[in-house]
Amino acid sequence: MPTDHYAVLGVARDASAEEIKRAYRRLARQYHPDVSGDAEDAERFKQVTNAYEVLSDPRKREMYDLGGDPLRSSGAGPGGMPGDGFTFTDIFDAFFGQTSSRGPRSRTRRGQDALLRIEIDLASALFGTEHEVQVDTAVGCPSCGGQGTSDGSQFVPCDVCRGRGEISHVQRSFLGQVMTTRPCPQCRGFGTVNPRPCHECAGDGRVRTRRTLSIKVPPGVDTGTRLQLSGEGEVGPGGGPPGDLYVEVVVRPHPVFSREGDDLLCTLPLPMSAAALGTSLELETLDGPRPVEVPPGTQFGERIVLRGLGAPRLRSSGRGDLVVFVEVRTPTGLDERQRALLGELAAVRGEERVAAPSGAPAEGGFFARLREKFQ
């Protein structure tokens, strides 16, 4: 039958290291061969020494509590395979030296980042603005100060894993005794338990609330631009540092202007007569009214560029341009006099009849000269 080391030393299974040491010293003085020459006392002294060797070492004690035998020989068995006392941890010790446990994980962790979207108009995107938003995030619990405990209580060591945050399980395999480790199910790997959780945050150390933030939007942002506000995200569990808040900008469509990179685009409708004769007009831009000169003979789709009236460059200096596309409008709904006047103009310009393009090569072109060569 296997030896009960706790019974040999006469201590409880949850005895502390100091209690085990005191029991060993008392029994060692009693059964030491130099004190008692009895053969049975010598055997008893050997059992006491083996029991103390196991229970005084936290690693061996844990293996023993889980059903393993840390004192069994780790020599090779038949066929050169490790014997029954060989553990999976011994393999790592042989190759990489002393192994260390992961230990309990911290209850204090960084909070998650948060993302929200705001809509602004085109003028605010170009010239910058301050935008107030309401954010629903986790903040430190005001009742417990983020600790998660109530009435000044403290976390206590877990009685299952003894504060290690993990428990080990020993299984027998062809390698011998293989030890696997997993987080403690009672303390969830923290190594401590909360005997009196805060009634407001249920021990998490944080609560959810709504708060108002004022966001400074820099000039030149566009749809898809993300602004980072450090430390404005969610507070972490256990009073951990907050994450960051990311604000994604969405620019509402403008009825007149559109944006292409750093340039603004707009369309200027012109009557046919104004495009033919030229004109001067005042265009209402996002920077205020600006004069625009339309030269005579302006055609449909031609561009007029107003320098420096576009969007500011977000991470640089300067601004883009305002590009005005001319849209020549053909008059409709003409009365008799207007038709007569346009007819006179067509007669004067020889435009009463317009010949459609035939697609024939121009006289003197390459194909015409080639055809003449063969003829």
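Each value in this text was obtained by applying a stated rule to the coordinates, not by laboratory testing. What you are looking at is a predicted structure, and each value in this text was computed from that prediction instead of being measured. Note that we place each Cβ from the backbone using ideal geometry, even for glycine, and neighbour counts take in every protein chain shown.
If we count other beta carbons within 10 Å of each Cβ, what is the order of Cys187, Cys201, Cys266, fewest first?
Cys266, Cys201, Cys187
In nm, what is the difference between 0.36 nm times the number of residues separating Leu281 and Leu334 and their Cα-Cα distance? Could you put the intermediate results ahead of the total?
Working: separation 53, 0.36 × 53 = 19.08 nm, distance 2.48 nm.
Result for the pair: 16.6 nm of gain on full extension.
Give the calculated FRET efficiency between Glu53 and Ser230 to the nearest 0.05, with a Förster radius of 45 Å applied to their Cβ-Cβ distance.
So the FRET efficiency works out to roughly 0.25.
Starting at the first residue of region 47-57, write each ³J(HN,Hα) from the Karplus equation 6.51 cos²θ - 1.76 cosθ + 1.60 with θ = phi - 60°, in whole Hz, x for Gly and Pro.
Each residue's phi maps through the Karplus curve to give 5, 4, 5, 5, 5, 5, 4, 6, 6, 7, 9 Hz.
For Arg196 and Thr180, compute 0.36 nm times the residue count separating them, minus their Cα-Cα distance, and round to one decimal in nm.
Here the segment from Arg196 to Thr180 would lengthen by 2.6 nm.
Going by how many other Cβ atoms sit within 10 Å of their own, how do Leu27, Leu281 line up, fewest first?
Numbers: Leu27 20, Leu281 13.
Lowest to highest Cβ neighbour count: Leu281, Leu27.
Would you calculate the separation in nanometres between label points at Val133 and Lys216, each defined as 7 Å from the Cα along the Cα-to-beta-carbon direction?
It works out to 1.7 nm between the two label points.
Go ahead and run the numbers for FRET between Ala17 and Asp113, Cβ-Cβ distance against an R0 of 35 Å, rounding to 0.05.
Numbers: r = 44 Å, r/R0 = 1.26.
It comes to 0.20.
Setting aside same-chain residues fewer than 8 positions from Lys21, which aspartates and glutamates have a Cα under 12 Å from its Cα?
Of all the aspartates and glutamates, those that pass the test against Lys21 - Cα under 12 Å, at least 8 places apart if same chain - are Glu53, Asp57.
With labels modelled as points extended 7 Å from the Cα through the Cβ direction, what inter-label distance (nm, one decimal) is found for Val156 paired with Arg307?
Each label point lies 7 Å from its Cα, and together they span 8.0 nm.
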